[in-house]
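Please treat every number below as a calculation from the coordinates, not as lab data. Only a predicted model underlies this, so the values are computations on that prediction, with no experimental measurement involved. Because the Cβ atoms are built from the backbone with ideal geometry, glycine has one as well, and the counts that use them run over all protein chains shown.
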Amino acid sequence: MNHAVAVDASLAVKWVIPEPDRERALSLWTDAARARRPVYSAPHFPGEVANAIYQRVRSTDPTKHLDAPDAEQALDRFLTYAVELSSPPGLLREAFTFAQGHSLVGVYDALYVVLARLLDVELWTADERLLRQLAGRAPWVRRLRDYPS
């Protein structure tokens with residue numbers, strides 16, 4: 001594994017919205033920046049983060065709801081993070097195959113997992129459902145809760 005890291009939207013949302021394990025997510029970003037390690041993600045990453053923020057505006061759950069100005073500020077903060085989007089040759093096809101082979105809910109998650117494998121980096125995620133689906137079959141995928149805070 002090289003020293004770069006990959007992140008998914010479940011982790012990046014924590015950079016801009018107060019959620020459990022936010023400090024760990026921020027520490028991961030800060031540690032990578034200090035060490036001058038690139039942070040990579042899949043091509044759909046910005047749209048998925050923006051959608052997660054938007055879903056907070058639509059939420060009727062008072063513990064999750066964001067009003068529109070707060071959501072816009074969260075999106076503005078997200079856009080300051082210099083995550084490198086990467087789409088190596090074969091990413092989409094391999095992600096499609098990986099999703100089928102591991103019975104994942106969607107290809108979106110597989111894009112992150114396969115990207116990290118192709119780049120030979122760890123993927124850090126806060127997506128517990130994804131981690132359960134993988135059940136240790138992708139050792140390069142790491143749980144945010146395991147990141148030192």
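Length gain on complete extension for the stretch His102 to Ala82, per 0.36 nm per residue less the alpha carbon to alpha carbon distance?
Values: separation 20, 0.36 × 20 = 7.20 nm, distance 3.06 nm.
That works out to 4.1 nm of additional length.
Dipole orientation for the chain: of the candidates Pro20, His65, Thr80, Pro20 has the Cα lying most toward the positive pole (charges on Cβ; Lys, Arg +1; Asp, Glu -1).
Scalar couplings 3J(HN,Hα) for the range 135-149, obtained by applying the Karplus form with A = 6.51, B = -1.76, C = 1.60 to θ = phi - 60°, are 6, x, 7, 9, x, 7, 8, 10, 7, 4, 4, 8, 6, x, 9 Hz; x denotes Gly and Pro.
Using the 10 angstrom Cβ neighbour count as an exposure proxy, how do Thr125, Thr63 rank, fewest first? Mind dumping the intermediate values first?
Numbers: Thr125 24, Thr63 5.
The most exposed by this proxy come first: Thr63, Thr125.
Each Lys and Arg contributes +1 and each Asp and Glu -1, all at the Cβ; summed about the Cα centre of the chain, the dipole is approximately 320 debye.
Counting other Cβ atoms within 10 Å as a rough exposure proxy, the listed residues Ser103, Ser87 run Ser103, Ser87 from fewest neighbours to most.
Applying 0.36 nm per residue to the separation of Leu26 and Thr63 and subtracting their alpha-carbon distance, the gain on full extension is 11.2 nm. Here's how it looks for Trp124: its modeled amide H is under 5 Å from those of Ala6, Val7, Asp8, Arg142, which are all 5 or more places away or on a different chain. What angle, in degrees between 0 and 90 and rounded to the nearest 10, separates the Cα long axis of helix 22-34 from the longest principal axis of the Cα atoms of the chain? So the helix axis and the longest Cα principal axis differ by about 60 degrees. Put in line by how crowded their Cβ is, counting other Cβ atoms within 10 Å and starting with the fewest, His3, His44 read His3, His44.
Assuming 0.36 nm per residue, please report the length gained on full extension of the stretch Gln55 to Gln73 beyond their Cα-Cα distance.
On the way: separation 18, 0.36 × 18 = 6.48 nm, distance 1.45 nm.
In short, 5.0 nm is gained.
Can you give me the angle between helix 91-101 and the longest principal axis of the chain, using Cα atoms only, in degrees from 0 to 90, rounded to the nearest 10? Taking the Cα atoms of the chain, the angle to 91-101 is about 80 degrees.
Comparing Ser27, Ser59, Ser86 in a Gaussian network model of the chain where C-alpha atoms under 10 Å apart are linked, the largest mean-square fluctuation is found at Ser59.
How high is the relative contact order of the chain, in percent, counting Cα pairs under 8 Å that sit 6 or more residues apart? Numbers along the way, then the final one.
Numbers: 204 pairs, mean separation 48.7, N = 149.
Relative contact order here is 33 percent.
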